[in-house]
1. Rank ILE71, ILE282, ILE192 by mean-square fluctuation in a GNM of the chain with C-alpha springs under 10 angstrom and give only the top-ranked residue.
2. So, in Å, what gap is there between the alpha-carbon centers of the stretch 126-140 and the stretch 183-197?
3. Starting from the Cα of ASP49, step 7 Å along the direction of its Cβ; do the same at ALA156; then give the gap between the two resulting points in nm.
4. Go ahead and run the numbers for FRET between ASP93 and ALA140, Cβ-Cβ distance against an R0 of 25 Å, rounding to 0.05.
5. Keeping all protein chains in place, calculate the accessible area per residue for the stretch 236-362 (probe 1.4 angstrom), answer in Å².
6. Can you list the residues, at least 5 places off or on another chain, whose amide H is less than 5 Å from the amide H of VAL30, using H built in the peptide plane?
7. Can you compute the FRET efficiency between LYS284 and MET1 using 1/(1 + (r/R0)^6), with r the Cβ-Cβ distance and R0 = 25 Å? Round to the nearest 0.05.
8. Divide, for the chain, the radius of gyration over alpha carbons by 2.2 N^0.38 Å, where N is the residue count.
Amino acid sequence: MRAEAIVDLSAIKHNVALLKEKSGTNLLAVVKADAYGHGLLPVAKAALDAGASILGVALLEEAISLREGGITAPILAWLVQPGSDYKSAIDLDIDLAAGSIAALHEIQAASKDKKARVHLELDTGMTRGGFLGEWSSLDASDVAGLEIVGVFSHFARADEPAEVQNKEQLTRFNEMVATLHQFGFTDVKRHISNSAATLTNPTAAFEMVRTGIAIYGLTPDTAMGSSRDFGLRPAMQLRAALYLVKDVPAGTPVGYGASESTARDTKLGVVTMGYADGIPRIAKGAGVWVNGQRAPIIGRVSMDQFVVDLGPESKAKSGDWVVVFGNGSHGEYTADDWGAASGSINYEIVTRIGPRVPRIYSAHVY
Ligand SMILES: *Cc1c(COP(=O)(O)O)cnc(C)c1O
């Protein structure tokens, strides 16, 4: 095999159990974007096994894939496009988010035979989806015939726990929820916390938290703390086989544009993954772990391959496995390192691993 992402589902179970205990409330496991690149169905099952009460996805298609995969647990889809087939969603018992009066009316129209289950989304300061000004003109008729089961919002700066915006959003959330209570909807689940808030702000847990990145064992922000600091176990190891190892003299230009040359006589290794597999072309200062050592990228990342400087003493040979990123416990690069090397974040590193990379499920990653 040329490359694979090994996913340890026992790590995901550990993380879900830890977050559930930490929050002391219901946990929605966020499995959008193919479970952050880890594989939708295996992760969904592991999260439910470990105590998640509901699954969360962005798109209706993702929710439908879960149902087609045999998942019977509650599912919430929160980014359902106007004009979608709401009726099928309702028939499949998929909870729907609504953040505008127009969306509510569409759901009402599809809700004649069977009552839709709806979570109202509030814009408390993220300034993305959700009710803002329209909230004050919401009328009882706009929610008639719907089962309002939840009300939720999203923090913009939960990874900076000391930021005053977190407090402001919480205050706004409580004010907006009070309006809902005036309509008589007192028994709705309130949820606003993502992973960062779940890890740092227990007062925002309410009746449910929505955790994504942390269930995969990754920190929401390295400035907040590392995975290890939070007791999280990174679930994915990305690895690839060396295609070729070759000796080259000092001053040898490597790759497209000859952007870099060898600084000394050395051994180079060709790794069979490229930007088509999600290796960021822009990455500077990352590399692979091979035979107990870090070997940095040299030259530009190509579509299907990149080259690493193994060092003159390396014993690595073609066919050897190299770790692109892992949990870091042996000195290997992490998804955090790749994020930092690419001017990005671990979220983008794991979600962009391409479909050519098989996901393998094993508890024996290390
Ligand atoms: C993606 C997403 C989450 C999960 O965020 P993490 O930072 O990964 O925990 C929660 N809620 C909503 C609405 C999201 O879109």
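The values are calculated or read from the model by the stated rules, or taken from the named source; none is laboratory data. Predicted, not measured: the structure shown is a model, and the values here were computed from it. FYI the Cβ positions are ideal-geometry reconstructions off the backbone, even for glycines, and counts take in every protein chain you see. To get the accessible areas, we keep the full protein, side chains included, count just its heavy atoms, and leave off ligands, DNA and RNA. Shrake-Rupley method; radii C 1.70, N 1.55, O 1.52, S 1.80 Å.
1. Judging by the Gaussian network model, the answer is ILE282.
2. 15
3. Rounded to a tenth, the inter-label distance reads 4.0 nm.
4. The formula returns an efficiency of 0.50 here.
5. Here the residues of the stretch 236-362 average 46 Å² of exposed surface.
6. Long-range HN contacts for VAL30: GLY56, THR211, GLY212.
7. 0.35
8. Compactness ratio reported: 1.12.
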